[in-house]
Amino acid sequence: MTSPSFPMGPITELRGRAVVVAGDDIDTDRIIPARFLKCVTFDGLGEQVFADDRAERPGEHPLDRPEVQGASLLVVNRNFGCGSSREHAPQALMRWGIRAVVGESFAEIFYGNCLALGIPCFTASHDTVLSLQSALAAAPAQELQVSLDPAAVELSDGRRWDLELQSGPRQMLLTGQWDATSQLLAHGAELERTARALPYLNGF
Amino acid sequence: MSAGTLYDKVWDLHRVAELPGGSTQLFIGLHLIHEVTSPQAFAALKDLGLSVRHPERTVATVDHIVPTTSQARPFADPLAEEMLATLEANCAAHGITLHGLGSGRQGIVHVIAPELGLTQPGMTVACGDSHTSTHGAFGAIAFGIGTSQVRDVLASQSLSMGKLKVRRLWVEGQLQPGVYAKDLVLHVIRTLGVKGGVGYAYEFAGPAIDALSMEERMTLCNMAIEGGARCGYVNPDAVTFAYLQGRPFAPSGEAWERAVAWWTSLASGPDAVFDDEVCFDATSIAPTVTWGITPGQGIGVDETVPTLEQVDPDERPLAEEAYRYMDLRPGAPIAGTPVDVCFIGSCTNGRLSDLQAAAAVARGRHVAPGIKAFVVPGSEQVAAAAEAEGLDQVFTAAGFEWREPGCSMCLAMNPDRLEGRQISASSSNRNFKGRQGSATGRTLLMSPAMVAAAAIAGQVSDVRQLLPT
C-alpha cells in the first residue's frame with residue numbers, strides 16, 4: 001500500500017472506503033498508547049495506531065480487516081478522542097490513511113488537532129451514525145463520497161445523509177486555510193498592541 | 001451567552017484579531033513545554049523557517065519520560081535520552097528557559113509553574129498537555145493543545161480558538177474529614193459524565209470551593225478535562241494571593257498591590273451570566289473510587305459496582321466493556337477489591353499536601369505483604385519540602401518506595417508501569433484501558449490518602465476508618 005499524500009490546500013470532498021471503530025469515549029491512549037510517544041518525529045505512528053486494541057484481537061480489529069485496507073474515512077460514535085491532548089493520535093490515524101472522520105461527537109482537543117492537519121471531523125445524529133455503520137457492515141468494501149459543502153456522505157448505492165461541520169472549520173478547510181500559522185503571523189502589530197495592554201506583562 | 005465571568009474578561013483582554021474562519025486569535029500569556037509534545041513543533045518551525053516570537057513567554061521542563069529511580073544521564077532508555085537531549089537543544093537554540101533535572105525547579109509541568117509563581121490570575125496558559133486545565137485554579141484560562149498548536153504559539157505567541165460556553169458548578173457545604181478535592185472532582189465527573197463538559201469552561205464556585213487550598217483547587221481544575229471541559233477555573237481570592245506572594249516569578253514590591261487589585265477585578269461579578277449552572281453538595285460526598293475504564297465510572301467507597309440496570313441506557317455498552325476489562329462483578333462492593341500496585345503522585349495529586357495526607361495514613365502502619373507501593377513527588381521542590389518534614393522517612397518506614405520527581409506511572413512513559421493484569425490504586429487522573437503501561441493493566445483512581453489506605457490493607461479501604469476521629 002502506498003500512503004496517499006497528506007492533506008494540502010483546499011479540501012472540498014473525499015472519496016474512499018470507510019472503517020468503523022464503534023464505541024463511545026474512545027480515548028487517545030487507545031488510539032496511540034503512551035509508549036509510542038517516545039519519539040521526536042511522527043513518522044512511524046501509522047503502524048502503531050490502536051496497537052493494544054489490535055493486539056487484543058489479532059486480525060479481528062476493524063483496522064485489520066482486509067476489505068478496509070486503504071480506507072480513508074473513519075466512522076466513530078460519541079466523544080471520540082477524549083483524554084490526552086497528544087496530536088500523535090490524529091497523526092497516527094492520518095499516517096494509517098484516514099482523511100476524514102464522521103462521528104456523533106468529538107473531544108475538543110482532538111477535534112482541533114485534526115483540523116490543524118486538514119482532517120475534517122463531521123458530526124451526525126446517533127441514528128444517522130448507526131444507519132451509516134450498519135450500511136457499512138453490510139457492504140464494507142464500498143466506496144463513499146463525503147462532501148464539505150453541503151456536508152454530506154453518499155454511499156455507492158446512492159443513499160445519502162446530511163452531516164454537520166462547524167462553519168469556521170468548514171470555511172478553513174474549503175479555502176485551504178486550515179493551517180492557522182500564516183493567519184496568526186499576519187497580525188503582528190495587533191498582537192503587540194494586545195500584549196502592551198496586559199497588566200501582567202507591563203508591571204501591573 | 002455568558003457575560004461578566006472571569007472567562008469572558010480574560011478572553012476579551014487576550015483577543016488579538018478575528019480570523020477569516022470565524023475563530024479568534026488569542027494571545028497566550030504563558031506557554032509551557034515539555035519533552036513529549038514539543039520536538040515535532042520545533043522541527044516544524046525549522047521547516048517553515050520561523051523563529052520563536054517571544055522566547056521569554058515559554059518555559060520548559062522535563063517530566064513525562066524521566067526515570068524515578070536514578071536520574072543519572074544518559075538515561076538507560078536511549079529514546080528517553082534522545083527526547084530530553086532534543087528538548088535541551090531546542091531550548092538552547094531558541095533562548096527558552098529550561099528547568100532541568102537537578103536545577104531544584106524541575107518537576108511535572110503543572111506542578112512547577114504554580115510553585116514558581118509563573119501561573120498567575122488573568123493569564124492565558126497553554127501547554128501541549130491536556131492537564132493544563134490545572135492552572136485554572138489561579139483564575140487563569142488554561143487549556144491543553146496539540147503539537148501543531150505548540151508550533152503556533154512558538155511562532156506567534158497566539159492561537160486560533162473558538163470561545164467556550166461557561167458552566168458554573170456551585171458547590172455548597174464542606175468536604176468532610178477523609179474526603180478531598182479528588183473525591184469532589186470524581187463526584188462531579190461521575191454526575192455530569194466524561195462528555196458533560198464538552199464545549200464548556202467550568203467555573204468552580206461556592207462555599208466548598210472558597211474553603212479549598214490552592215493545591216486542592218489545582219486537583220479540582222486538573223481533572224476538569226476528564227469531565228470533557230477543556231478548562232476549569234476558580235476565581236482568584238485571598239487564598240490565591242497568599243499562595244502567590246513571595247514566589248520567584250510573582251510580582252513584588254509596589255507591583256504586588258497593583259497586581260492584587262487587578263486580579264481581584266477579574267473575578268466573575270455578582271451580575272455575571274452563565275450559560276449553565278449545576279449545584280452540588282460537598283457535605284454528602286464520600287471518598288470516591290473508579291471501578292471502570294473512564295474517570296466517570298466512579299462510586300463512593302461504601303457503594304457497590306453498579307449493575308447494568310443501574311446504569312443509564314446510553315452508558316451500558318461502556319459499562320459492559322468495563323466489567324469485562326476490570327473483571328469486577330456488578331453489584332459487588334468496591335471496598336475489599338484487592339490491589340497489586342499503589343501509586344501516589346502525578347499532576348493531579350503529587351503536591352506537598354497530597355503527600356502529607358497520604359503520610360498521615362501511612363505513619364506508624366505498614367504496606368501489606370506483596371503490595372508494591374511508591375511515592376513520586378510532583379517536583380524537586382515538593383520532594384525537598386516533604387523531606388524537610390520527614391515525610392520520606394514516614395513513607396519508607398511504612399514500606400513505600402520514595403522516588404525522584406516525574407509523571408511516572410500516571411501514563412507509564414518511563415520504567416514505572418503495571419505488569420500484565422495488575423490492578424493499581426492510583427492517585428492519578430486516568431483509568432483508561434492500558435493507561436498505566438500494560439495493555440491489560442487496571443487502574444482504580446482515588447485520592448492519595450485512599451491510595452495509602454489501600455496499600456496498608458492490600459485492598460480498597462475506606463480511609464475514614466484509619467483517620468483519628
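Hey, can you grab everything whose amide H is under 5 Å from the amide H of B:VAL59? Only 5+ residues off in sequence or another chain; H modelled, so Pro and N-termini drop out.
B:HIS31, B:LEU32, B:ILE33
Span-like helices, chain B: DSSP H, alpha-carbon axial extent 20 Å or more, mean Kyte-Doolittle -0.5 or greater, which ones?
Length and hydropathy pass: B:78-94.
What's the exposure ranking of B:ASP271, B:ASP8, going from fewest to most Cβ atoms within 10 Å?
B:ASP271, B:ASP8
Can you give the net charge of the other residues whose Cβ lies under 12 Å from the Cβ of B:GLY336, counting K and R as +1 and D and E as -1?
Spelling it out: positives minus negatives among the neighbours equals -1.
Count charges around B:SER160 for me, please; just the other residues with Cβ under 14 Å from its Cβ, Lys/Arg as +1, Asp/Glu as -1.
Net of charged neighbours comes to -2.
Any idea how many Lys pairs in the protein assembly as shown come in under 26 angstrom at the alpha carbon, given 8 or more places apart or on separate chains?
14
Determine the sum of side-chain charges near B:GLU18: Lys and Arg each +1, Asp and Glu each -1, restricted to other residues whose C-beta is under 12 angstrom from that of B:GLU18.
Value of the local net charge: +1.
Can you list residues from other chains, or at least 5 along the same chain, whose modelled amide H is less than 5 Å from the amide H of B:ALA142?
HN-HN under 5 Å from B:ALA142: B:VAL125, B:GLY136, B:GLY232.
FYI, it's all coordinate maths here, none of it is from the lab. Predicted model only: the values in this text are computed from it and were never measured. Note that each Cβ is placed from the backbone with ideal geometry, even for glycine, and that neighbours are counted across all protein chains shown.
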